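All remarks here apply to the structure that follows.
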Amino acid sequence: MTYNILILNGPNLNMLGLREPEIYGRQTLDDIRALCESHAESHGLAVDFRQSNHEGELIDWIQQAPKAHAGIILNPGGYTHTSVAIMDALRAVDVPAIELHLSNIHRREPFRRHSYVAQAVRGSICGFGAHGYLLALDGMRALLTED
């Protein structure tokens, strides 16, 4: 069985490779998309990879997820620390979700250490750069196939 996983990327992640590469790395979001697609295919998963700078669009996609997706992987970017609305959207859908961050948010500025999103997901991955997306896919596969 192939599980379709929705991978959502929040604000400014379209600037990866250019924006603060010492924190976020030099890989672009397109590079990460290609890594995810290859990894997913080799593990019996399919990915629907999206990015938006708009909170409402991310919420719309989360709300629509149960119609076509078995799980959600979300890198909420700056909305991690501000969006009760994204947290509520994740709580409203009946699919597992994983929170993902390229950097270790717990070693960053104090305001980045709080995550509203964490309260609505099964698990969080941070600090592994682009490889974190592959870890999240592996984690999602384990969630979906556990007995």
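The values are calculated or read from the model by the stated rules, or taken from the named source; none is laboratory data. Note that the coordinates shown come from a computational prediction; the quantities given were computed from them, not determined experimentally. Note that each Cβ is placed from the backbone with ideal geometry, even for glycine, and that neighbours are counted across all protein chains shown.
A single member of 18, 90 is without any contact (Cβ under 8 Å) to a residue 40 or more places away in the chain, surrounded by fewer than 17 Cβ atoms within 10 Å (Cβ to Cβ) and either farther than 20 Å from residue 2 by Cβ or acidic (Asp, Glu) (or both), and it is 18.
Residues are listed down the side, and each one gets a yes or a no for (1) touching a His at 6+ places or on another chain (Cβ under 8 Å); (2) among the basic types (Lys, Arg); (3) surrounded by fewer than 20 Cβ atoms within 10 Å (Cβ to Cβ):
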position: 30; (1), (2), (3): no, no, yes
position: 36; (1), (2), (3): no, no, no
position: 60; (1), (2), (3): no, no, yes
position: 66; (1), (2), (3): no, no, yes
position: 83; (1), (2), (3): no, no, no
position: 115; (1), (2), (3): yes, no, no
position: 128; (1), (2), (3): no, no, yes
position: 136; (1), (2), (3): no, no, no
position: 141; (1), (2), (3): yes, yes, yes
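Taken over region 55-79, the criterion of being free of Cβ contacts under 8 Å to residues at least 60 places away in the same chain, polar (S, T, N, Q) and under 18 Å from residue 116 (Cβ atoms) is satisfied by 63 alone.
Among the candidates 83, 52, 124, the residue that is small (Gly, Ala, Ser), within 30 Å of residue 1 (Cβ to Cβ) and without any contact (Cβ under 8 Å) to a residue 40 or more places away in the chain is uniquely 124.
Conditions (1) within 12 Å of the chain's Cα centre (by Cα); (2) at pLDDT below 95; (3) not aliphatic (A, V, I, L, M), marked per residue:
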position	(1), (2), (3)
108	no, yes, yes
120	no, no, no
124	yes, no, yes
127	no, yes, yes
141	no, no, yes
144	no, no, no
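Does at least one position in region 96-107 carry a residue that is closer than 17 Å to residue 119 by Cβ, in contact (Cβ under 8 Å) with a residue 60 or more places away in the chain and surrounded by 18 or more Cβ atoms within 10 Å (Cβ to Cβ)? No, the conditions are met nowhere in region 96-107.
Of all residues in region 103-147, those being hydroxyl-bearing (Ser, Thr, Tyr) and outside any helix (DSSP H, G or I) number 4. Pairs linking a residue in region 25-49 that is without any contact (Cβ under 8 Å) to a residue 24 or more places away in the chain to a residue that is in a helix (DSSP H, G or I) and surrounded by 13 or more Cβ atoms within 10 Å (Cβ to Cβ), with Cβ atoms under 8 Å and 6 or more positions apart or on different chains, are 29/13; 29/14.
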